[in-house]
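Nothing in this text is a laboratory measurement; each read-out follows from the coordinates by a stated rule. Just so you know, these numbers come straight off a predicted model, no measurement behind them. Glycine also receives a Cβ, built like all others from the backbone with ideal geometry; neighbour counts cover every protein chain displayed.
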There are 2 protein chains.
Amino acid sequence: MFTSQRTAGDAGYGDTGERMAALAAEQTGYLGVESARDASGLGITISYWRSEADIAAWRRHAEHQLARDQGRRDWYQHYTVRVAKVERAYGWSRADGPADPQISTSSGDPQ
Amino acid sequence: MFTSQRTAGDAGYGDTGERMAALAAEQTGYLGVESARDASGLGITISYWRSEADIAAWRRHAEHQLARDQGRRDWYQHYTVRVAKVERAYGWSRADGPADPQISTSSGDPQ
């Protein structure tokens with residue numbers, strides 16, 4: 001989980017962000033990513049990985065290291081990284097109807 | 001970790017969101033919250049709690065339950081909830097200088 005505050009201006013951020021998203025998706029153990037940044041420049045990106053070893057390998061990736069270096073030089077005012085283990089997950093979609101999903105007995109399936 | 005896609009329009013969302021943020025902050029075990037939503041309506045909110053019991057109590061809070069019901073009725077197209085345990089965390093701020101924070105021996109302190 002990567003929470004960050006952007007500096008003003010792009011300075012190559014958009015292109016590198018797209019490149020890093022594509023590169024991450026090619027790595028062993030990659031499961032997915034979610035990202036949102038509001039108009040104030042506060043952003044949250046969560047990338048999902050199969051194991052700690054996969055996270056460590058992605059962290060060691062040379063191109064990713066260069067991007068992080070540029071991030072500290074040009075793109076971020078501050079950031080926080082948290083590594084967390086997902087214990088459980090459930091979802092809801094409009095097609096599932098009004099019930100509280102965690103209450104259902106089959107939370108992964110539409111009702 | 002709450003990832004969601006908003007419907008169009010406010011329909012009371014802003015007011016209830018502020019109320020829920022204030023109410024959560026009063027609960028036992030609350031540690032903080034981070035939230036960002038981009039222009040497309042995709043948002044990520046992460047609230048931090050001391051324990052699973054604190055999370056469960058907040059989930060049972062009557063006013064929070066009503067807000068979640070309205071969320072499924074009016075505010076969201078879909079959402080995913082993930083409960084995760086933070087294993088480690090580190091931060092960087094511009095004042096810390098260019099070094100990679102996790103490489104440092106005292107990652108919590110400015111260098």
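Pairing residues of the range B:2-29 that are within 21 Å of A:TYR90 (Cβ to Cβ) with residues that are among the polar types (S, T, N, Q) and assigned to a strand (DSSP E or B), at Cβ distances under 7 Å and at least 6 apart in sequence or on separate chains, gives B:PHE2/B:THR45; B:THR3/B:THR80; B:GLN5/B:GLN77; B:THR7/B:GLN77; B:ALA24/B:SER47. Of all the criteria given as (1) exposed (fewer than 13 other Cβ atoms within 10 Å of the Cβ); (2) more than 13 Å from every other protein chain (Cβ to nearest Cβ); (3) in contact with an Asp or Glu (Cβ under 7 Å, 6 or more places away or on another chain), the one not satisfied by B:LYS85 is (2). Inspect the range B:74-92 for any residue being part of a helix (DSSP H, G or I) and not hydroxyl-bearing (Ser, Thr, Tyr) and give the result as yes or no. So far as the range B:74-92 goes, yes, one or more of its residues are part of a helix (DSSP H, G or I) and not hydroxyl-bearing (Ser, Thr, Tyr).
Listed by first and then second residue, the pairs linking a residue in the range A:72-96 that is closer than 24 Å to B:THR80 by Cα to a residue that is in a helix (DSSP H, G or I) and of a type outside the set (Asp, Glu), with Cβ atoms under 7 Å apart and 6 or more places separating them unless they lie on different chains, are A:VAL83/A:ILE55; A:TYR90/A:PRO101; A:TYR90/A:GLN102; A:GLY91/A:PRO101; A:TRP92/A:PRO101; A:TRP92/B:ARG72.
Here B:THR28 meets the list (1) surrounded by 13 or more Cβ atoms within 10 Å (Cβ to Cβ); (2) hydroxyl-bearing (Ser, Thr, Tyr); (3) over 14 Å from the mean Cα position of the chain (by Cα) almost entirely, failing just condition (1).
Of the residues examined, A:ALA21 is one that is on the phi < 0 side of the Ramachandran plot, of a type in the set (A, V, I, L, M), surrounded by fewer than 17 Cβ atoms within 10 Å (Cβ to Cβ) and away from chain B (no Cβ under 11 Å).
Considering only the range B:32-47, I want to know if a residue exists there that is in a helix (DSSP H, G or I), hydrophobic (A, V, I, L, M, F, W, C) and either away from every other protein chain (no Cβ under 14 Å) or in contact with a Phe, Trp or Tyr (Cβ under 9 Å, 6 or more places away or on another chain) (or both). Checking the range B:32-47: not a single residue is in a helix (DSSP H, G or I), hydrophobic (A, V, I, L, M, F, W, C) and either away from every other protein chain (no Cβ under 14 Å) or in contact with a Phe, Trp or Tyr (Cβ under 9 Å, 6 or more places away or on another chain) (or both).
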